[in-house]
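Below is one structure, written out as structure tokens; comments come after it.
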Amino acid sequence: MNLPPSAQLQLTETGELRHFLSIDGLPKTLLERILDTANSFVVVGNQEVKKVPLLRGKTVVNLFFENSTRTRSTFELAAQRLSADVLNLDINTSATSKGESLLDTLRNLRAMHSDMFVVRHSQSGAAHFIAQQVTPNVAIINAGDGRHAHPTQAMLDMLTIYRHKASFDQLKVAIVGDILHSRVARDQVHALTTLGCQDVRLIGPNTLLPTAAEELGVTTYNDLDKGLEDVDVIIMLRLQTERMDSAFLPSASEYYQAYGLTRQRLCKAKSDAIVMHPGPINRGIEIESEVADGEQSLILNQVGYGIAIRMAVMSMAMSGQMQQRQIMEANQ
Amino acid sequence: MNILIRQARVVDPYQQLDAIMDVHIADGNIQAIGAELNIPDAQVIEAKGQILCPNFTDLLSYLRQPGNSQKGTIASETRAAASAGFGTLLPSPDTQPASDSTAVLELVQDRAEQAGYCQVLPIAALTQGLQSTHLSNMLGLNKAGAVAFSNAGYDITDNTVLLRCYEYAATYKLKIFVQARDAALSHGHMHDGILATQLGLNGIPVIAETLAISRHLQMMQHTGVSCHFQQLSSAAGVEMLRQAKAQGLAISADVDLAHLCNTEQQVQGYNSQYHVQPPLRHESDRQALIAGLADGTIDAIVSAHQPHEAAAKQAPFADTATGMAIYDIFMPLLLSLAADTNLSLLQLTAALSKQPRSLLGLDENGLTVGAAANLCLIDPNLSWQLTSTSQQSRGANQCLQNSTLMGRVMLTLQHGKVTWQAHD
């Protein structure tokens, strides 16, 4: 199959999902299947018995090299709802500072015969590294690597849009804030452009816009008011406070003046525009409380969709990985 | 030693010669060169289809000793260099401890002499311990064999220290080798472009190089020191040096072979074998480096050979060590450059022999009667596999491991002595 190198690693020879590392290069049909599968899982959360047996007998290890309560709990819940056995491992960087390399840590884990690793790591490419070099037979789900990718977060945002808006090709979508450091924004851009969105806008000051961003097929704006004009979807990004210390921004208050989403600014967008945020939100820095809690906000809906997306991706990657193992065994 | 190399394509940049010739070598020197020589007692090497040229001088190489023999040793890496056609190496002072004392310089030269593969002319540390605070004992180091002074990859950020280094070096007409990189702007891991954006890696912008070049050029003009710029990576950097040379400044420059052959695209998929400093840049930068070499802005090609143990490259990209072990693939890459660009073999071999030697003030005569037999014989059509057993360098960071490569050095001679011979 003729796929970009970023996608080859993630798919089986027949194009099934095998690892979920990044949206970059994945075909539209696959993203649509993820959305459809996740959509069917949304109802599972509303049932009396919340479990389906798709991962029964499988072991999922949550490997978090970087702290995260939210993402980890939604992955844990998703795995449990798929009936998998779940092991949570918080490997803070002190283990590696004791001299053990990531490679050694993973070699130890491999001996546990797990079926899936959900990986979060502070370095871009960590999930690729694990999928490529360490455990090619274990399905890897990227739960965030450095500033590179966070594909399940991006897909849950797509599911939110999918459930609340018309088809992607008619939409104008604005992503606002610290694009440079955002692994979510990169995958959102790949997902939106792949799903057919014609008008994706990245809005922020030059210090927080990545180099050559336009080459990703988006338009960049420095002026929030201009960028929000007539949009259907507004995705606000979280601003890490340490950006002020490292000279990306002068102060949180100046940032809020220029890029904070207020009710007044929301009026620039279409009247039925939806507002999203990956959370946790900084009220009064990225977004006015009235907007975050207002009726156009879907911030809380996103959390529930997150579980459904993770269930979809985990079940699809597991079946792809099983298929790949069978192909490899047959070839031997 | 009494060899007759027959029917070789002699490529000699000293004489601008590219012709089929016989060459007779005995007693360490070239005895005769001509269309058809008849030397009854000589051992005959049939070299039809092969290239015979001066052996190479490498202005930047990392031999790892002292301090990092798990990555490579002076013996292993000088042998690897000989297998790539090199006869003379200038090892980087970036060792542990740094080459800032006569003891280290003597150790390096002694080990190299014992090994017997290459002549080693050390570059000494410009500041003590490469710490960028105190001047090294330049006069003493010069007497102990240092041919140039460099702070390796460490930017001297304090302008007072840099100014004094250059003033002192200028006093004694000592040569400075500089890797022009602004330290603060070089904290990234690859070229600052769309791919860095996509991969989420910190970019190193071109201005990290150009800002540093302009600073060193001004320091140079102010002090009158003679500077050689190493490992240019950008089109803008080449243009700055082109203009500086046009103004008549006493500067020279080199580029490493990896930058002539590769771009940032190699990093695709987080391939840590291409994690190098300065970073591989855009195709337009690569073309500008080739053009710079062609028009003489860039004088020399270096290997920047940096062997590592396997573990140094096995981590998420940003956590991996920088540098490439390149000696084992040097000749195949060089020949591919000759095939894919307008650069002729004469130009390429000049950038590896005559030009680097002349900027060091080392006179040579190329392939002329009476000259020392510092030669290498290359089979451009030999296809071979690079494997862990066929590789010569100790470095495990081979970016073309298990690939089939085209072209190989068959024989390297240093003062008539065989320092490398390929076995079938």
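The values are calculated or read from the model by the stated rules, or taken from the named source; none is laboratory data. Quick caveat: nothing in here was measured; it's all calculated off a predicted structure. Here Cβ is always computed from backbone atoms with ideal geometry, including for glycine, and neighbour counts include all displayed protein chains.
Observations on the model:
- Subset of region B:183-203 that is more than 22 Å from residue A:127 (Cβ to Cβ) and in contact with a Lys or Arg (Cβ under 8 Å, 6 or more places away or on another chain) - its residue that is farthest from the other protein chains (Cβ to nearest Cβ): B:191
- Some residue of region B:261-274 being more than 28 Å from residue A:21 (Cα to Cα) and either in the same structural domain as residue B:150 (by TED's automatic domain parsing) or among the hydroxyl-bearing types (Ser, Thr, Tyr) (or both): yes
- Residue check, residue A:172 over 17 Å from residue B:319 (Cβ atoms), of a type in the set (Lys, Arg), out of contact with any Leu (no Cβ under 8 Å at 6 or more places or on another chain) and away from every other protein chain (no Cβ under 14 Å): yes
- The lone exception for residue B:254 - which of (1) of a type in the set (D, E, K, R); (2) assigned to a helix (DSSP H, G or I); (3) touching a residue at least 60 places away in the same chain (Cβ under 8 Å) it fails: (2)
- Restricting attention to region B:9-55, the residues being under 22 Å from residue B:382 (Cα atoms), buried (at least 16 other Cβ atoms within 10 Å of the Cβ) and of a type in the set (A, V, I, L, M, F, W, C) number 9.
- Complete set of residues in region A:247-264 that are surrounded by 18 or more Cβ atoms within 10 Å (Cβ to Cβ) and closer than 27 Å to residue A:295 by Cβ: A:255, A:256, A:259, A:260, A:261
- Helices (runs of 4 or more DSSP H) contained in region B:130-204 and holding at least 1 residues out of contact with any Ser or Thr (no Cβ under 9 Å at 6 or more places or on another chain), of a type in the set (S, T, N, Q) and at pLDDT 95 or above: B:138-143, B:159-171
- Taken together, A:322, A:276, A:244 contain a single residue that is surrounded by 14 or more Cβ atoms within 10 Å (Cβ to Cβ), free of Cβ contacts under 8 Å to residues at least 12 places away in the same chain and not assigned by TED's automatic domain parsing to the domain that holds residue A:29, which is A:244.
- All positions within region A:209-258 that are in contact with a Gly (Cβ under 7 Å, 6 or more places away or on another chain), outside any loop (DSSP other than H, G, I, E, B) and either closer than 24 Å to residue A:300 by Cα or at pLDDT below 95 (or both): A:236, A:256
- Filtered residues of region B:406-424 (kept if modelled with pLDDT of 95 or more and of a type in the set (A, V, I, L, M, F, W, C)): B:406, B:409, B:410, B:411, B:413, B:418, B:420
- Count of region A:179-203 residues, restricted to those that are more than 15 Å from the chain's Cα centre (by Cα), of a type outside the set (A, V, I, L, M) and buried (at least 24 other Cβ atoms within 10 Å of the Cβ), is 1.
- Residues of region B:82-125 satisfying the condition of being in a loop (DSSP other than H, G, I, E, B), touching a residue at least 40 places away in the same chain (Cβ under 8 Å) and touching a Pro at 6+ places or on another chain (Cβ under 8 Å): B:93, B:99, B:100
Here is a yes/no grid of residues against (1) buried (at least 23 other Cβ atoms within 10 Å of the Cβ); (2) of a type in the set (Asp, Glu):
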| residue | (1), (2) |
| --- | --- |
| A:69 | no, no |
| A:75 | yes, no |
| A:85 | no, yes |
| A:105 | no, no |
| A:109 | no, no |
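- Check on residue B:275, within 13 Å of chain A (Cβ to nearest Cβ) and modelled with pLDDT of 95 or more: yes
- Region B:367-417: number of residues that are within 29 Å of residue B:22 (Cα to Cα), in a strand (DSSP E or B) and either polar (S, T, N, Q) or free of Cβ contacts under 8 Å to residues at least 60 places away in the same chain (or both): 6
- Within region B:306-359, considering residues that are among the hydroxyl-bearing types (Ser, Thr, Tyr) and not in a helix (DSSP H, G or I), the one nearest to the other protein chains (Cβ to nearest Cβ): B:320
- Every residue from region B:288-305 that is part of a loop (DSSP other than H, G, I, E, B), of a type outside the set (A, V, I, L, M) and closer than 19 Å to residue B:242 by Cβ: B:295, B:296, B:297, B:299
- Going through (1) among the aliphatic types (A, V, I, L, M); (2) crowded, with 21+ Cβ neighbours inside 10 Å; (3) more than 11 Å from chain A (Cβ to nearest Cβ) one by one, residue B:163 falls short only on (2).
- First in region B:13-37 and over 12 Å from residue B:370 (Cβ atoms), second anywhere and surrounded by 19 or more Cβ atoms within 10 Å (Cβ to Cβ) and of a type in the set (Gly, Ala, Ser), Cβ under 6 Å, 6 or more apart: B:13/B:350; B:14/B:366; B:15/B:366
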